[in-house]
Amino acid sequence: MTALPPFQALLDEHAADVMAVLRGAVGRADAEDCFQETFLAALRAYPMLSDDGNLRGWLLTIAYRKAIDHHRANGRRPTPIAEPDEMAGVTTEPEPDDGIWALVGALPPKQRAAVALRYACDLPHAEIAAALGCSPDAARRSLHEGIKRLRKELA
Amino acid sequence: MKASLEHLTERAAAEGLLDVAYATADSPFGSLLLATTPKGLVKVGLPDYDSEETLEDLAARVSPRVLEAPARLDDARRQLDLYFEGRLHEFDLPLDWQLSRGFRRRALRAIDRIPYGRTRNYTEIARSAGNERAVRAAGTACGSNPIPIVVPCHRVLRSSGGLGGYGGGLPMKEALLELERAEIH
């Protein structure tokens, strides 16, 4: 393999994408924490990395895991009293430069997580269900509702 | 995003994951690249050199955990500014010598002891490094100096009094010698 590039080069090239994906996956408020966790984990492992063929894929995989960790940790917390629709109002304001992920970030939490885990993290329904602490059917429904809503927004 | 990246750099440093911090610094000769390890200043890249290549070299030879972290180089930048203004005669910076070994490192340490405004020739450096006949090797050591300006290889001349060489170009070497001469007289 060729020598690993300076880690800064990975940040310069991929930090914005990782942030956008995380905003979609966990919402703007929690994306910052996941972003820090993602890059600290990457930095820890980086010198031992034996395959530099797809550094972007490697970073996004770490980001997906951090997003899943986040949802699992949230799943164990007491359910918020607010109804999902009330919560949707306090999540995020879409910003134009985030593109579709901004719209994903504005979905209600369950739908948002399902869409991000499915399409950003490429997880199967069973794993999305495990990450969200719900049944595979419920995960499928959240995903379906999320997609429907995105289609409407984009139409 | 900028705040996120700054925060990341701080946390990386706190967790001992910032092996090489770098920044650029202005100089009268153009932009310098400064790099430090937790041990000390490890590299000064002169204006004629490609920063990207220098960083790749540091990633390969020191550690790939290379991050832009200007705050870590504030002190070095401040001292260099004062030096270029003629107001600082001796750098007080921890140095990391890991990019030089053996005879070269001994030669560079000898160069590091040449006082401000003074010069030595390559033979004297070879002698200080433990091998008076290794004059050519002393010249190579100067040429490979990873920390120029701070380790003042510009103060090494030919025995004949000729300028010898300089990585940043002979006009830069001449200008540094001129600056130092002006300040001590």
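The percentage of C-alpha pairs in the range B:1-128 whose separation is greater than 27 Å is 24%.
Here the average projected area of the convex hull drawn through the C-alpha atoms of the range B:57-115 stands at 5.2 nm². Between A:Ala45 and A:Glu127, the simple label model (points 7 Å from Cα in the Cβ direction) yields a spacing of 1.3 nm. Taking amide H as placed 1.01 Å from N in the peptide plane, the amide H of A:Leu123 sits under 5 Å from that of A:Arg118, each at least 5 places away or on another chain.
Working note: 222 nm ellipticity from helices only, DSSP H runs with n ≥ 4, each -39,500 (n - 2.57), summed and divided by the residues of chain B, gives -12500 deg cm²/dmol to the nearest 500. If you take all other residues with their beta carbon under 9 Å from the beta carbon of A:Lys66, and give Lys and Arg +1 and Asp and Glu -1, the sum is -2.
Loop-located trypsin sites (Lys or Arg not before Pro) in the range B:66-166 (DSSP state not H, G, I, E or B) with no more than 13 neighbouring Cβ atoms inside 10 Å: B:Arg87, B:Arg101, B:Arg113, B:Arg118, B:Arg133.
Between A:Asp137 and B:Thr140, the simple label model (points 7 Å from Cα in the Cβ direction) yields a spacing of 7.7 nm. Largest first and in whole Å, the equivalent-ellipsoid semi-axes of the protein assembly as shown read 56, 19, 15, each the square root of five times a Cα gyration tensor eigenvalue.
Shape analysis of the range B:102-184 yields a ratio of the Cα radius of gyration to the Kirkwood radius, Rg/Rh, of 0.93.
Here each label is just a point 7 Å from Cα along the line to Cβ, and for B:Gln98 and B:Glu183 those points are 3.0 nm apart.
Across every pair of non-identical alpha carbons in the range B:142-185, the mean reciprocal distance, once inverted, gives a Kirkwood radius of 10.8 Å. Within a straight-line Cα-Cα reach of under 29 Å, B:Lys173 can be paired with the following lysines, leaving aside sequence neighbours fewer than 8 residues apart in one chain: B:Lys39, B:Lys43.
Only the coordinates and a few stated rules stand behind these numbers; no lab work does. Quick caveat: nothing in here was measured; it's all calculated off a predicted structure. A quick note on method: Cβ atoms are made from the backbone with ideal geometry, for glycine too, and the neighbour counts reach across all protein chains shown.
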